[in-house]
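Every number here is computed from the coordinates shown, using simple stated rules; none is lab data. Model, not experiment: these values are computed from the prediction. Cβ: placed from backbone, ideal geometry, glycine included. Neighbour counts: every protein chain shown.
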Amino acid sequence: MKLLIATKNKGKMREMKEFFQADGLEILSLDGFSNVPNIEETGKTFEENALLKAETCFEFFGIPSVADDGGLEIDFLSGEPGVLSRRWPSFAEATEGRPSRKKTDQELINIALEKLRGIPKEKRTARLRTVVTFYDGKNTLSETASIEGYITERQEKECEPGYPFRAIFWVPEFDKLFQDLTHDEHKIINHRRRACLSLAKRIGDLK
């Protein structure tokens, strides 16, 4: 079976291609196509966005597709930023009813810390969650996985470009910031890996 990984993110593509290596699966990437649709993530949940991307790519290319969506969910903030991602509204935007513009990495960190200012550690629980979905025109399969932790009270170091919340997301399992995890530690708790491996098995069972 041909399987299209529906992402334009080269790093994510390399990672997911490794996770979906299985007998009978020929992995394709969007890089192999000259005409690729721009997909606006209009879903209200990670599940909706992942399915939207997988369905759109299947309908466009006619190839069974896998797509993912995910991000940070802070319990005290009722799951924010969630799908808000780069357009997470600041206090000023929310209070004044202004449209939320796209934020930089540092702005997203600042918003998280400001919204949790004065909130005790036990109420700063959060998770990095991902949803990975397969669609082939007939079957819809989905898996989700997460990494549990909490948001620190302050930012001690610069973030990795493109991964703002890793600089303030503490992983109790290793007692360190997410961005300070070693390669082996990250592999152990990699939530996208766990979701993809589970989904790959279910896809294999369809044959």
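For the reader, a short list of remarks on this structure follows.
- Picking from residues in segment 48-81 that are in a strand (DSSP E or B) and not aliphatic (A, V, I, L, M), the one that is farthest from the chain's Cα centre (by Cα) is S65.
- Top-ranked residue in segment 10-28 [being within 18 Å of the chain's Cα centre (by Cα) and either outside any helix (DSSP H, G or I) or in contact (Cβ under 8 Å) with a residue 40 or more places away in the chain (or both); ranked as nearest to D136 (Cα to Cα)]: F20
For every residue, the table says whether it meets (1) of a type in the set (D, E, K, R); (2) within 22 Å of T45 (Cβ to Cβ); (3) not in a helix (DSSP H, G or I).
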residue: P99; (1), (2), (3): no, yes, yes
residue: K103; (1), (2), (3): yes, yes, yes
residue: L108; (1), (2), (3): no, yes, no
residue: R129; (1), (2), (3): yes, yes, yes
residue: V132; (1), (2), (3): no, yes, yes
residue: L141; (1), (2), (3): no, yes, yes
residue: T144; (1), (2), (3): no, yes, yes
residue: G149; (1), (2), (3): no, yes, yes
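- Residue list for segment 41-95, filter: over 24 Å from K115 (Cβ atoms), among the small types (G, A, S) and out of contact with any helix residue (DSSP H, G or I) (no Cβ under 7 Å at 6 or more places or on another chain): A50, A54, G62
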